[in-house]
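Okay, structure first, notes after.
The values are calculated or read from the model by the stated rules, or taken from the named source; none is laboratory data. Keep in mind that what you see is a predicted model, and the values were worked out from it rather than measured. Cβ placement follows ideal geometry from the backbone for every residue including glycine, while neighbour counts extend to all protein chains displayed. Side chains included, ligands, DNA and RNA excluded: accessible areas come from the protein's heavy atoms. Shrake-Rupley method; radii C 1.70, N 1.55, O 1.52, S 1.80 Å.
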Amino acid sequence: MSGTIENVPAAATGSVRRSRDVPMLVERARAGDHRAVARLITLVENGDELLRDIAAALAPYAGQAQVVGLTGSPGVGKSTTTNELVRALRARGHRVGVLAVDPSSPFTGGAILGDRVRMQDHATDPGVYIRSMSSRGHLGGLAAATPQAVRVLEGAGCDVVLVETVGVGQAEVEVASLADTTLVLLAPGMGDAIQAVKAGILEIADVFVVNKADRDGADATYRDIQGMIALGERGPGEWRPQVVRAVAARGEGIDDIAAAVDKHRTWLVERGELRRRQEARAAAEIEAIAVGVLRDRIGSLRDGTELPSLAAKVAEGAIDPYAAADELLAQLGT
Ligand SMILES: Nc1nc2c(ncn2[C@@H]2O[C@H](COP(=O)(O)OP(=O)(O)OP(=O)(O)O)[C@@H](O)[C@H]2O)c(=O)[nH]1
Ligand SMILES: [Mg+2]
């Protein structure tokens with residue numbers, strides 16, 4: 001596969017300014033030009049005015065990539081596992097995209113560097129795209145930018161897109177909902193199994209990976225999580241989360257992880273659940289975009305007379321804020 005990937009000079013992709021350049025840029029990305037892919041992701045990340053054209057050009061490729069999310073506490077071994085999964089997927093001849101997403105901190109320079117270093121094995125492989133994203137400078141937030149970045153990688157012909165997210169707060173639940181299959185990584189001795197349940201992670205995990213199985217306490221973690229899964233209620237035919245042990249740092253257990261992902265994939269397809277998840281994601285995307293448009297319009301009314309005059313009426317007690325909001329919405333509809 002890598003033999004068919006051609007290199008296009010930087011100048012050819014660096015000058016995209018107009019709508020009519022977008023289809024060409026997408027074509028280059030599909031041909032395997034890494035710079036074109038990088039440029040597209042930067043444009044969608046920045047909420048560029050070409051975003052609509054890019055989305056339109058990428059639309060026909062929707063749903064063609066398998067999206068796999070990896071989440072878990074800091075340092076649990078997500079990047080190491082991702083790196084090994086990329087190796088396994090490349091051995092099968094797949095083209096692979098990796099998004100390393102850090103929703104927690106605006107200062108992720110270190111983390112990005114760390115990810116890059118650990119995935120250096122694939123740096124020169126033309127069949128692998130690796131991209132880090134942090135919340136810094138994102139218009140509309142990371143939750144808005146990440147699905148579009150996945151679409152770029154999908155449009156670029158990636159068979160599999162791996163999305164690594166640090167498991168802090170609720171952000172990873174949001175980003176994990178991007179994935180067809182979500183892997184939750186745990187490590188022994190971190191109290192992770194308990195925390196997993198608290199953070200609502202149990203609901204989003206399709207596969208649990210007990211990584212660092214070379215460490216003491218791995219068996220206990222494995223038993224804990226199995227116990228919690230056993231307690232969970234599920235109807236007949238519902239997916240029962242798989243639990244896999246791994247020592248990602250030594251490449252052990254990676255085949256088992258890949259097998260669990262395959263098994264889940266088969267279940268998704270057989271149950272019609274894959275399409276259901278894709279549609280749920282599309283609904284969330286549409287909603288987020290529509291809400292964004294509405295917010296912008298309301299913002300523009302701030303500068304006009306409508307919102308300030310309504311605010312004055314509410315402040316002086318002439319009308320209540322609900323009635324004022326109705327008036328504002330009626331104004332938007334026109
Ligand atoms: N002992 C042991 N160490 C591991 C294993 N897997 C990864 N590590 C080490 O754990 C550390 C963190 O690994 P990463 O892959 O960067 O973890 P991460 O979850 O991506 O970390 P963040 O992205 O910073 O949240 C590194 O020093 C790895 O070498 C393992 O199976 N066993
Ligand atoms: Mg990492």
Query raised in the report: Which ones in the stretch 132-158 are modelled with pLDDT of 90 or more and not in a helix (DSSP H, G or I)?
Result: ALA156, GLY157, CYS158
Query raised in the report: Tell me, which residue of the stretch 54-76 that is away from ligand 2 (no atom under 16 Å from the Cβ) and under 13 Å from the mean Cα position of the chain (by Cα) is nearest to VAL269 (Cα to Cα)?
Result: GLN66
Query raised in the report: Restricting the first residue to the stretch 281-307 and requiring it to be closer than 20 Å to GLU49 by Cβ, which pairs with a second residue that is open to solvent by less than 60 Å² (accessible area, probe 1.4 Å) meet a Cβ separation below 7 Å and a spacing of at least six or different chains?
Result: GLU285/PRO147; ALA288/ALA144; LEU294/LEU332; ARG297/LEU332
Report task. Go through the residues of the stretch 23-30 one by one and say whether even a single one is within 16 Å of ligand 1 (Cβ to nearest atom), in a helix (DSSP H, G or I) and either of a type outside the set (A, V, I, L, M) or open to solvent by 30 Å² or more (accessible area, probe 1.4 Å) (or both). Result -> no
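Can you name the residue in the stretch 203-248 that is among the aliphatic types (A, V, I, L, M) and exposed (fewer than 14 other Cβ atoms within 10 Å of the Cβ) and is also nearest to THR266 (Cα to Cα) among such residues?
Our first condition is that a residue be among the aliphatic types (A, V, I, L, M); within the stretch 203-248, this holds for 204-205, 207, 209-210, 213, 218, 220, 225, 228-231, 243-244, 246-248.
Now restrict to residues that are exposed (fewer than 14 other Cβ atoms within 10 Å of the Cβ): 220, 230-231.
Numbers: ALA220: 30, ALA230: 22, LEU231: 24 Å.
Per the stated criteria, the residue is ALA230.
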**Report entry** Flag for VAL175 being farther than 12 Å from ALA246 by Cβ, at pLDDT below 80, within 16 Å of ligand 2 (Cβ to nearest atom) and part of a loop (DSSP other than H, G, I, E, B)
**Finding:** no
Report task. Looking at (1) within 36 Å of the chain's Cα centre (by Cα); (2) over 15 Å from VAL68 (Cβ atoms); (3) open to solvent by 50 Å² or more (accessible area, probe 1.4 Å); (4) modelled with pLDDT of 95 or more, find the lone condition where ASP262 falls short. Result -> (2)
Query raised in the report: Counting only residues that are within 21 Å of the chain's Cα centre (by Cα) and more than 14 Å from VAL150 (Cα to Cα), which one in the stretch 33-49 is surrounded by the most Cβ atoms within 10 Å (Cβ to Cβ)?
Result: ALA36
